[in-house]
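To start, the structure under review is shown below, and the notes come after it.
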Amino acid sequence: MTQPIWKSLGRPVALIYGLATYLISLTTFLYTVGFVGNIFVPKSIDDGPKGSYGQSLFINLGLFFLFALQHSVMARKWFKGWWTRLVPQAVERSTYVLVSSLVLLFFFWQWRPLTVVVWEVEYPPAQRILEVLFWLGWLIAIHSSFLIDHGDLFGLRQVRLYTRGQAYTPVKFQMPDLYRYVRHPIMMGILIAFWSTPVMTMGHFVFAAASTAYILLNIRHEEQELVELYGAAYREYRRRIPMLFPLPRRKD
């Protein structure tokens with residue numbers, strides 16, 4: 001039922017839908033920066049209604065489980081095979097981006113602060129260094145998304161090809177710029193941003209630690225699919241290039 005209705009609406013709808021979901025994801029990304037950095041946004045990682053410590057921790061971990069479940073399941077090949085029977089292939093990625101953004105916004109809305117200080121850096125030059133690293137991490141993540149194909153990552157390329165009547169083809173395997181030093185510079189940048197703070201509250205620590213655990217776990221699943229997609233080329237790339245941090249390259 002969904003597919004014929006979608007086809008009757010036409011290609012412009014796919015383009016509008018893709019652009020709208022991209023704008024929502026961009027807004028969500030900017031809010032994420034403010035949320036983690038305790039800047040600009042009305043409710044950040046250390047703001048909001050305070051409950052009992054145990055209740056707040058339980059809610060926060062539940063929010064992580066919800067995000068991880070959605071983010072992981074919808075990215076798996078078996079789910080996409082079923083999902084595209086309901087959602088047209090051209091907007092599958094855009095729909096994933098939209099749902100991820102909505103779940104993340106719900107995450108921020110329901111987050112409970114845990115304001116006990118785990119550590120605090122009081123030396124002003126060290127504080128400035130951590131602030132620079134915070135912004136550098138986000139810059140690395142954004143820059144890296146454009147190195148591989150920003151449009152494909154957020155569904156824009158898919159809807160653009162669809163509106164032109166062209167078949168979708170996977171992005172070619174390549175190692176531009178930062179990808180010559182680490183396999184996942186987007187995740188590297190995000191981790192740098194999450195951990196770079198002069199004042200580490202318990203809530204921020206839980207957020208950063210849980211995010212790190214999820215990223216490490218998700219990378220394993222993602223790389224299995226990359227090996228299936230690119231074969232020997234990606235196996236060799238994985239053998240030579242570190243996963244997250246630019247350690248010395250392996251020599252043959």
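Each reported figure results from applying straightforward, stated rules to the coordinates on display, with no laboratory input. Predicted model only: the values in this text are computed from it and were never measured. With ideal geometry, Cβ positions are generated from the backbone for all residues, glycine too; neighbour counts draw on all protein chains shown.
With θ taken as phi - 60° and the Karplus curve 6.51 cos²θ - 1.76 cosθ + 1.60 applied, the whole-hertz 3J(HN,Hα) list for the stretch 123-137 is 6, x, x, 5, 4, 5, 4, 5, 5, 5, 4, 4, 6, 4, x Hz, x standing for glycine and proline.
Note: relative contact order over the chain, using C-alpha pairs below 8 Å and six or more positions apart, is 24 percent. The list [x] 125; [y] 146; [z] 113 gives values of volume of the Cα convex hull per residue in Å³, and only one came from this structure; which label was calculated from it? Given [x] 125; [y] 146; [z] 113, the structure-derived one carries the label [y].
Where does helix 202-230 land angle-wise versus the long Cα axis of the chain, in degrees 0 to 90, nearest 10? The angle comes out at about 30 degrees. For residue 118, the residues 5 or more places off, or on other chains, whose built amide H falls under 5 Å of its own are 200, 201, 202. Computed with the Debye formula from one identical point scatterer per Cα of the stretch 24-122, without solvent, the log10 of I(q)/I(0) at q = 0.11, 0.17, 0.20, 0.22 Å⁻¹ comes to -0.43, -0.84, -1.02, -1.13. Sequence-ordered 3J(HN,Hα) estimates for the stretch 12-27 from the Karplus curve with 6.51, -1.76 and 1.60 and θ = phi - 60° stand at x, 5, 4, 5, 4, 4, x, 5, 5, 5, 5, 5, 5, 5, 5, 4 Hz, glycine and proline given as x.
Look at the dipole of the chain built from charges on Cβ: of 206, 173, 242, the Cα furthest out on the positive end belongs to 173. Under the simplified labelling scheme, the residue 150-residue 43 pair shows an inter-label distance of 2.9 nm, with each label point 7 Å from Cα along Cα→Cβ. If r is the Cβ-Cβ distance from residue 19 to residue 228 and R0 is 45 Å, what FRET efficiency results, to the nearest 0.05? About 0.90, to the nearest 0.05. Restricting the stretch 63-131 to GluC sites (Glu not before Pro) that sit in a DSSP loop and have at most 12 other Cβ atoms within 10 Å of their own Cβ leaves 122. Select from 138, 111, 78 the residue whose mean-square fluctuation is largest in a Gaussian network model of the chain (Cα-Cα springs shorter than 10 Å). Its mean-square fluctuation being the largest, the pick is 78. Note on residue 105 and residue 247: with the Förster distance fixed at 51 Å, the Cβ-Cβ geometry gives a FRET efficiency of about 0.90.
Computed extension gain for residue 132 through residue 213, at 0.36 nm per residue and net of the alpha carbon distance, reaches 26.8 nm. Distance between Cα centroids, the stretch 199-246 to the stretch 114-176: provide it in whole Å. Computed from Cα coordinates, the inter-centre distance equals 14 Å. Backbone phi angles across the stretch 67-81, fed through the Karplus curve with coefficients 6.51, -1.76 and 1.60 (θ = phi - 60°), yield HN-Hα couplings of 5, 5, 4, 5, 5, 7, 5, 5, 8, 6, 4, 5, 5, 4, x Hz in residue order; Gly and Pro are listed as x.
Using C-alpha pairs below 8 Å separated by at least 6 residues, the relative contact order for the stretch 105-216 is 48 percent. Considering only 171, 99, 182, the mean-square fluctuation computed in a Gaussian network model of the chain, springs between alpha carbons under 10 angstrom, is largest for 171. The trypsin sites (Lys or Arg not before Pro) of the stretch 184-252 that DSSP puts in a loop, and whose beta carbon has at most 12 other beta carbons within 10 Å, are 249, 250, 251. Which FRET efficiency, nearest 0.05, do residue 76 and residue 122 yield, Cβ-Cβ r, R0 45 Å? Efficiency computed from Cβ-Cβ geometry: 0.50.
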